[in-house]
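The values are calculated or read from the model by the stated rules, or taken from the named source; none is laboratory data. Every value quoted in this text rests on a predicted model; they were computed, and no experiment measured them. Cβ atoms come from the backbone with ideal geometry, glycine included; neighbour counts cover every protein chain shown.
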Amino acid sequence: MILTLAVSGYRSLREIVLPLDRLTVITGANGTGKSSLYRALRLLADVAQGRTIGALAAEGGLESTLWAGPETISRAMRSGQVPVQGTVRRDRVALRLGFAGEDYGYAVDLGLPVSGGAFAQDPEIKAEAVWVGESLNRHNSIAERAGGLVRVRSGRGEWRPLVTGLAAFDSMMTHATDPSQAPELLALRERMRGWRFYDHLRTDRDAPARRPRVGTRTPALAGDGADLAAAIQTIREIGDGAAFDAAIEDAFPGARVAVVQSGGLFAVTMHQHGLLRPLVAAELSDGTLRFLLLATALLTPRPPEVMVLNEPETSLHPDLIAPLARLIARASGAGQIVTVSHSAALAQALAGQGARTHELRKEVGETVAGMDDPPSWGWPKR
Ligand SMILES: Nc1ncnc2c1ncn2[C@@H]1O[C@H](COP(=O)(O)OP(=O)(O)OP(=O)(O)O)[C@@H](O)[C@H]1O
Ligand SMILES: [Mg+2]
């Protein structure tokens, strides 16, 4: 589970350190930085797959994700006495992402490239660290990367080089995970690879979940929901089918969901109260299909350590918010869940289920979480 999430220098997230619980909801008005926080967590997970630099490039490169405000915001600028003005940059450009779990923590520092050439826009990984415990300090780091050098600390405390000449576009999490010399890195990477993100479960007319398709055992619903029928069938076979049926009953009293097979294709049907024949997925409303997708994602027979949902309430009728909150709360019994949502109703319903709530705000363009006592945090040195 992630106990602390830290982001620095990513869009409006200049410096934010958030404690996360088993069930957390991140909410706030439009434009306060919720989606940016979601994206930052995703970029962090991408490190373990070697995809961070590509993902940043797809957003327009490091330059576009950098904080667009002044490096320092004076008190007079905060109070509006003087206009917000640029200052001469003193610190190096850095996008930093990190988390601390129950045992290990990891952080990465990305900066501007020094080399020229065709890929001169690619950000470079400048520093990384893995540590034991809550936050990085001088005593608890067990693996460090600075430039191209990766060092690991042995049980007796001395440092030895593990990799030299690591390319600036490779992470130590993917290129220095020797099972005998750095088993912690390997274990941490595998856990990060297991984090699951849902942000664009499609429910439009052409959504793949509306069409029958070939099914194989599917313990985790795909990000676009394409394998819905197979995933529901897998819950029925190796997961908690009764909980799935109960979640459907909770949201749509009297309704039943079935998976039918014909000609090797799997399709979802739903018997609804008052209808003479079941509806096929192509006929379901956007909100109904979304709820089925979310129930299937959340009741996965192989719960990930961390599941992150972005705006799950999109296109749901207000009546479905409470059943959704109950479903999310139930799923948090099997793994940590972070929900990002601008819906006050969903945030409130989740808080009623015991979720920790962070309400983001903007202050002079900067996202703040307004916490009295944020967790301690340290970044790796370049
Ligand atoms: N490079 C940047 N520097 C500073 N602020 C930025 C930068 N890029 C985007 N922003 C700000 O971040 C905000 C967008 O944040 P984000 O998309 O995370 O908001 P949100 O909370 O998800 O809003 P919504 O509820 O509308 O989806 C914009 O309002 C913009 O002002
Ligand atoms: Mg958003």
Can you tell me which residue within segment 4-57, out of those that are under 16 Å from the mean Cα position of the chain (by Cα) and free of Cβ contacts under 8 Å to residues at least 40 places away in the same chain, is farthest from ligand 2 (Cβ to nearest atom)? Arg51
Suppose we filter Arg42, Arg78 for residues that are surrounded by 15 or more Cβ atoms within 10 Å (Cβ to Cβ), assigned to a helix (DSSP H, G or I) and of a type outside the set (A, V, I, L, M, F, W, C); which single one remains? Arg42
Among (1) part of a helix (DSSP H, G or I); (2) of a type in the set (Gly, Ala, Ser); (3) loosely packed, with under 12 Cβ neighbours inside 10 Å, Ala246 falls short only on (3)
Among the residues of segment 149-175, write down those that are under 21 Å from Gln49 (Cβ atoms) and not in a helix (DSSP H, G or I). Val150, Leu162, Val163, Leu166, Ala167, Ala168, Phe169, Asp170, Ser171
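Looking only at segment 133-142, count every residue that is out of contact with any Asp or Glu (no Cβ under 7 Å at 6 or more places or on another chain) and part of a strand (DSSP E or B) and tell me the total.
Step one: filter segment 133-142 for residues out of contact with any Asp or Glu (no Cβ under 7 Å at 6 or more places or on another chain), giving 133-141.
Imposing the further condition that a residue be part of a strand (DSSP E or B) reduces the set to 141.
Summing the residues that are out of contact with any Asp or Glu (no Cβ under 7 Å at 6 or more places or on another chain) and part of a strand (DSSP E or B) in segment 133-142 gives 1.
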Residue hits (segment 309-367; within 16 Å of ligand 2 (Cβ to nearest atom), outside any loop (DSSP other than H, G, I, E, B) and surrounded by fewer than 21 Cβ atoms within 10 Å (Cβ to Cβ)) are Ala344, Glu359, Arg361, Lys362
Given the residues Thr4, Thr32, Thr24, Thr72, which is the only one that is within 20 Å of Leu309 (Cα to Cα) and either within 12 Å of ligand 1 (Cβ to nearest atom) or outside any strand (DSSP E or B) (or both)? Thr32
What's the number of the only condition in (1) free of Cβ contacts under 8 Å to residues at least 40 places away in the same chain; (2) surrounded by fewer than 18 Cβ atoms within 10 Å (Cβ to Cβ); (3) out of contact with any strand residue (DSSP E or B) (no Cβ under 9 Å at 6 or more places or on another chain) that Arg302 fails to meet? (1)
In this structure, does Leu18 turn out to be touching a His at 6+ places or on another chain (Cβ under 9 Å), among the aliphatic types (A, V, I, L, M), at pLDDT 95 or above and under 30 Å from His175 (Cβ atoms)? yes
Do you know which residues across segment 325-361 are more than 16 Å from Ala247 (Cα to Cα), away from ligand 1 (no atom under 15 Å from the Cβ) and charged (D, E, K, R)? Arg356
Kindly indicate which of Arg210, Arg290, Arg205, Arg277 is of a type in the set (D, E, K, R), loosely packed, with under 15 Cβ neighbours inside 10 Å and under 23 Å from Ile321 (Cα atoms). Arg205
